[in-house]
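Asks: This is the structure I have questions about; it appears just below.
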Amino acid sequence: MSYLNSMRLHFAGQFQANVSTVNNDPGHFDNASFKPDYQKMEGNHMLPPNGWFNPQGDAAWRFLGCQVTSAWLPSGAVSGSDPVLQCIVADSDGQVPAKLVDLDSEQQLVSEIWGLQVRIADASGNTLLRSDFEPAAFADIWDRATGSGAGGDIGAGAMYQSVLTRLEWGDVSASPFLVALKAAAATGRLSIKFNVDGLNMDFTSPDFMCGRIVGTIGPATETEPRHLLMGRQFMASAAAGGNFFTPVGGINFCAGVVDSTAGCIYLDLGNALTTSSPGGQLNDLGPLTLGVYDPIALPGSPAGSVVPLGTIPSQGSGGYASDAQWYSRTAGIVALPLKPAQLQAVGGSPLVLTGNASVAISEWDSGTFVRADTFVYRLSPGDTVAIPVVAMQWGEPLAGAAVSFSADPSQLQPGSGFPYVCPSPPVATPADALSFNTTALTDATGRATLVLDASDPGTPRWFNNGQDYGIDGQVYGIRPALADPQYSGPVNQWNFISVLLWSGFTPANPVTWNDLQPIFQQYANLYPVMNRFLNLGDYTSVVSHAGLLLLAFGLDPANPNAMPVTRDLSPAKRKAILSWLKNPLPGTPPAPRAAAAGPAPVATAPMATAGDTTPAAGAAFKGGKASAAARRLILQ
C-alpha cells in the first residue's frame, strides 16, 4: 500500500517556496568579506548579482488554493455526492508556515520541507484531517518544460514523497471516502506524494516564488519505505545538455505498482511527462503504450518483442494532452487493467512505456533497483548512523543481494565563475572524516544498511586559508549500487546519499559573545529578512531578544518556528547558544559587521565578472537551482 493505490485522492493548486537567495553563493558565507550589497536585489541580468533574485525570502513553504480534484476507492471513482470532492488540501491554520531548507550551499539540489502540517478541510474550512508531514527532500529534478524561455528553475519539475503522521481526524462521517481512508490509516500514517513545477521567478508578479503543485494521498503501511515506492522503477538515460536532467526517451524517471488483487497496474507519470511551458499543458508524446518484454520465443512472438498491455490516450476525451484538466484531476496517475495472463507475464519481465517515435522508457533488464529511503543526513563528529537502503526486483523486495557503497561527490556543487564572488571551497575533503562499510547484504525485506561513522572534518571551508569564519563542516556524497554486474542499466544521477558533517565546536567556559558572534553574524548576513526584527550580528540587539531567541533555538528542528530556519546549526553550537542566552556574557564584543554597518574588507579572491563563459555563468540567470546544477563536479 502507498499513495499509488486503489484508494487515493488527488489534489491540485499552487505552492509557495519563498527561499532566501543570499546564501546561494558559498562566498557569501565569508563574514570577513561580506558586503552590504549582498543583501540587495540583483540588477538587470544579475549585473550586479548582489543577493540574487530574492534576498528577502523567509524560507516559507505553503499550499495555496489546493482543491481535491478526484478520489478513488477500490470500487472505482468516488461519486460527486461525496463531499470529499469539495474539500481543500491546506497547510496549518494554527502555526507559522513550513520552511524550505537547502542542506548546504554546495548541495542545493535536495531541498527539504520542514514543519509542514497537511490538512484536509471541508468547504467551510472545518478541518477533517490534521497531520504532520515527515520532512523530506525533493527528488528527480529535471528539465520538464519545453519551448523557448523554459530553461532553468522556471522550467524544472521535481517531486516529494513522504508520510503523514500524528493523524487527527474530525467528523468525516459525511464522506464515504474519508471514512474508508480513516479506516485504512489504522497504522497512524498516510502516504503522500506531490509534484512541483512552473516556479514563477518574476518578482513583479503577485505569484512570485509560486508554482503548480499536484499530489496524491493514500494509505501507508508500517513496513513500506516512507520516501520511496516499492514498485516497478522506470529508468531513463541522460541526453546531452539541459540544466538538470533531460531524458533521452522524453520521459523522466517514474514508477508503477502491480496490484494482482485489483488486476491492474498503477503508473505514476506525475513527474515524468514534459509540458509545453512552465506549469503548462502536457505535451503530446503520442498514445503511451505500456508493454512487457516477452522473453519466450513463440511463433509470431519472437524473443525480445514487446507485448502491449494497455494504452494511455493522448487525445480525445480524457486524453492526457488534450484534456486540460487531466493532470490536475489525476496527478498523472493511471490504472491499466491486466488480465491474469498479463499479470503472470509482468511478474518477471521488464516493462516498457512507449509513445511517438523515440519516446520510450523501461525498467532495467533485471527489473532491479536500489535507493536509500531517506537520502539527506546531518551529522556531528562522533555520530554513527545506520541508513537503510532498499533493493527491489520486479517491484518486490530483493533479498540476499550485495549492495556496494562508494564515495561520490560528482553531483555536489563547488565551482567558480560569474556570478559567484569567489571560488567556492572544495567539497568532500577530508575524505577520511566519514567512514563507512563498502558492502552489505539485503535481508528478507530487501533492506541493507549503510553505517556511517563521523569524525571531525575540521574547518575545510573557512576562507582566507582558514583564517576567516566560513561554511560549517563539509558535505559528502555516497552512492549505493547493486554489486552484481548483472544488475545494471541507466543510473539516476540524483540517486545518492547527501551528508552534511558539521565541524567540531568547543566554546570557552563560560561561553561568551566572542565565541558566538561569528555564528550570529553569518545569519545576520545571509538572512536579511531577520533585520526586520533584530540585528543578529549585534550583541545588544541579541541580548534584548534573548528570551525569544532562547525559545526559538530550543525548539525541535521539526517545529516551523525553530531557528535557524535553514537547520544548518550543529547540536554543539546550538547547545552553546542556548547556554549563553541564559547568561549572555559579553566577553570582548567586536564591533557589529552587519551589512548595514559599512564597507567590509575586500574579498580574498577576485570578483567574478559578467564576461565569464563558464557553465555556471550561463545558468546564473535561470535561478538558484539551475546555477547550482551547473556547478556540479560532473555534468551529465
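Asks: Please give the calculated 222 nm ellipticity per residue for the chain, where each DSSP H segment of at least 4 residues contributes -39500 (n - 2.57) and the sum is spread over every residue; nearest 500 deg cm²/dmol?
Replies: Here the helix-only value at 222 nm equals -3000 deg cm²/dmol.
Asks: Between K575 and Q95, 0.36 nm times their residue separation minus their Cα-Cα distance comes to what?
Replies: Stretched out fully, the K575 to Q95 stretch lengthens by 170.3 nm.
Asks: Show the residues, 5+ positions off or on another chain, whose built amide H is closer than 5 Å to the amide H of V451.
Replies: I387, N437
Asks: I would also like to ask the following. Roughly how many debye, to the nearest 20, is the charge dipole of the chain about its Cα centre, given +1 on each Lys and Arg Cβ, -1 on each Asp and Glu Cβ, and no other charges?
Replies: 480
Asks: Can I ask one more? Given a Förster distance of 30 angstrom, what is the FRET efficiency for M41 paired with T540, based on the Cβ-Cβ distance and rounded to 0.05?
Replies: 0.55
Asks: A follow-up question, please. Arranged from highest to lowest average of other beta-carbon atoms within 10 Å per residue, in what order do the peptides 228-235, 374-381, 173-180 appear?
Replies: Output ranking for 228-235, 374-381, 173-180: 228-235, 374-381, 173-180.
Asks: Turning to a different aspect of this structure: Stretch S404-L343 to full length: gain in nm at 0.36 nm per residue minus the Cα-Cα span?
Replies: Roughly 18.8 nm would be gained on extension.
Asks: Residues with amide H under 5 Å of F244's amide H, sequence separation 5 or more or different chain, H placed in the peptide plane at 1.01 Å from N; which?
Replies: Hits under the 5 Å cutoff: D143.
Asks: Per 5 Å bin, what percent of the C-alpha pairs of the stretch 461-575 does each bin hold, from zero upward?
Replies: Per 5 Å bin, starting at 0, the Cα pair percentages come out as 2, 9, 15, 20, 17, 11, 7, 6, 5, 4, 2, 1, 0.
Asks: Return the long-range amide H neighbours of A401 (sequence gap of 5 or more, or a different chain), with a cut-off of under 5 Å between placed amide H atoms.
Replies: Placed amide hydrogens put T442 under 5 Å from A401.
Asks: With all distinct Cα pairs included, what does the Kirkwood hydrodynamic radius of the stretch 145-207 come out to in Å, to one decimal, could you say?
Replies: The answer is 15.1 Å.
Asks: For the stretch 67-122 and the stretch 1-28, what is the separation of their C-alpha centers, rounded to whole Å?
Replies: The distance from the Cα centre of the stretch 67-122 to that of the stretch 1-28 comes to 9 Å.
Asks: Considering just Cα atoms, how many Å³ per residue does the convex hull of the stretch 348-426 enclose?
Replies: Per-residue hull volume (Cα only) is 193 Å³.
Asks: Once you charge only the Cβ atoms, +1 for Lys and Arg and -1 for Asp and Glu, what is the size of the charge dipole of the stretch 143-244 about its Cα centre, to the nearest 20 debye?
Replies: That gives the stretch 143-244 a dipole magnitude of about 340 debye.
Asks: Can I ask one more? Give me a comma-separated list of calculated 3J(HN,Hα) values for the stretch 200-217, in order, Karplus coefficients 6.51, -1.76, 1.60 applied at θ = phi - 60°, integers in Hz, x for any Gly or Pro.
Replies: Karplus values, whole Hz, x for Gly and Pro: 8, 10, 8, 6, 8, 8, x, 9, 3, 6, 10, x, 8, 9, 10, x, 9, 10.
Asks: Restricting to the stretch 359-502, compute how many DSSP beta bridges are antiparallel as a %, nearest 5.
Replies: DSSP beta bridges in the stretch 359-502 are roughly 90 percent antiparallel.
Asks: Could you give me D for the stretch 388-442, from Stokes-Einstein at 25 °C and 0.890 mPa s, where the hydrodynamic radius is the Kirkwood radius over C-alpha pairs? Units µm² s⁻¹, please.
Replies: Translational diffusion coefficient: 169 µm²/s.
Asks: Sticking with this one: Express the carbon and sulfur contribution to the solvent-accessible surface of the chain as a percent, rounded to the nearest whole number, probe 1.4 angstrom.
Replies: That share works out to 57 percent.
Asks: Taking R0 as 25 Å, what FRET efficiency do you get between A508 and S455 from their Cβ-Cβ distance, rounded to the nearest 0.05?
Replies: 0.65
Asks: Tell me which of N31, S435, L398 sits at the most positive position along the dipole axis of the chain, charges placed on C-beta atoms (Lys, Arg +1; Asp, Glu -1).
Replies: Result: N31, furthest along the dipole toward the positive end.
Asks: Still on this structure, please answer the following. Between A123 and Q86, what length in nm is gained on full extension when 0.36 nm per residue of separation is reduced by their alpha carbon distance?
Replies: That works out to 12.7 nm of additional length.
Asks: Sticking with this one: What would the Debye formula give as log10 I(q)/I(0) at q = 0.07, 0.11, 0.12 Å⁻¹ for the alpha-carbon point model of the chain, no solvent?
Replies: -0.45, -1.12, -1.32
Asks: Can you give me the distance in nm between label points at L585 and A184, each placed 7 Å from the Cα along the Cα-to-Cβ direction?
Replies: 5.9
Asks: Right, something else. Is any helix in the chain, taking whole DSSP H runs, at least 15 angstrom long along its axis by alpha carbon and on average at least -1.0 on the Kyte-Doolittle scale, and which ones?
Replies: Membrane-span-like by this criterion, though nothing is claimed about a membrane: 513-526, 571-582.
Asks: In angstroms, what radius of gyration and Dmax does the stretch 261-386 have, counting Cα atoms only?
Replies: 18.6, 64
Asks: Find the accessible area per residue for the chain; the probe is 1.4 Å, ligands and nucleic acids are left out, and the unit is Å².
Replies: 37
Asks: Same structure again: How do 209-222, 570-583 rank on mean C-beta neighbours within 10 Å, highest first?
Replies: 209-222, 570-583
Asks: Rounded if a/c is under 1.5, else prolate if a/b beats b/c, else oblate: with a ≥ b ≥ c from the C-alpha gyration tensor eigenvalues square-rooted, which is the stretch 463-522?
Replies: Verdict is prolate for the stretch 463-522.
Asks: Sort out for me the Cα centre separation of the stretch 460-532 from the stretch 322-372, rounded to whole Å.
Replies: Cα centroid of the stretch 460-532 versus Cα centroid of the stretch 322-372: 39 Å apart.
Asks: Among 396-402, 115-121, 325-331, 552-558, how do they line up by average Cβ neighbours within 10 Å per residue, starting with the highest?
Replies: 115-121, 325-331, 396-402, 552-558
Asks: Please report the equivalent ellipsoid semi-axes of the stretch 157-258, computed as sqrt(5 x eigenvalue) of the Cα gyration tensor, largest first, in whole Å.
Replies: Ellipsoid semi-axes (Å, largest first): 32, 22, 10.
Asks: Might you report the magnitude of the Cβ-based charge dipole of the stretch 459-567 about its Cα centre, with Lys and Arg at +1 and Asp and Glu at -1, to the nearest 20 debye?
Replies: Approximately 160 debye in magnitude.
The values are calculated or read from the model by the stated rules, or taken from the named source; none is laboratory data. Everything numeric here is computed off the predicted structure, so don't read it as measured data. Heads up, the Cβs are rebuilt from the backbone with ideal geometry, glycines too, and the neighbour counts pull from every protein chain shown. In case anyone asks, the SASA skips ligands and DNA or RNA and just uses the protein heavy atoms, side chains included. Shrake-Rupley method; radii C 1.70, N 1.55, O 1.52, S 1.80 Å.
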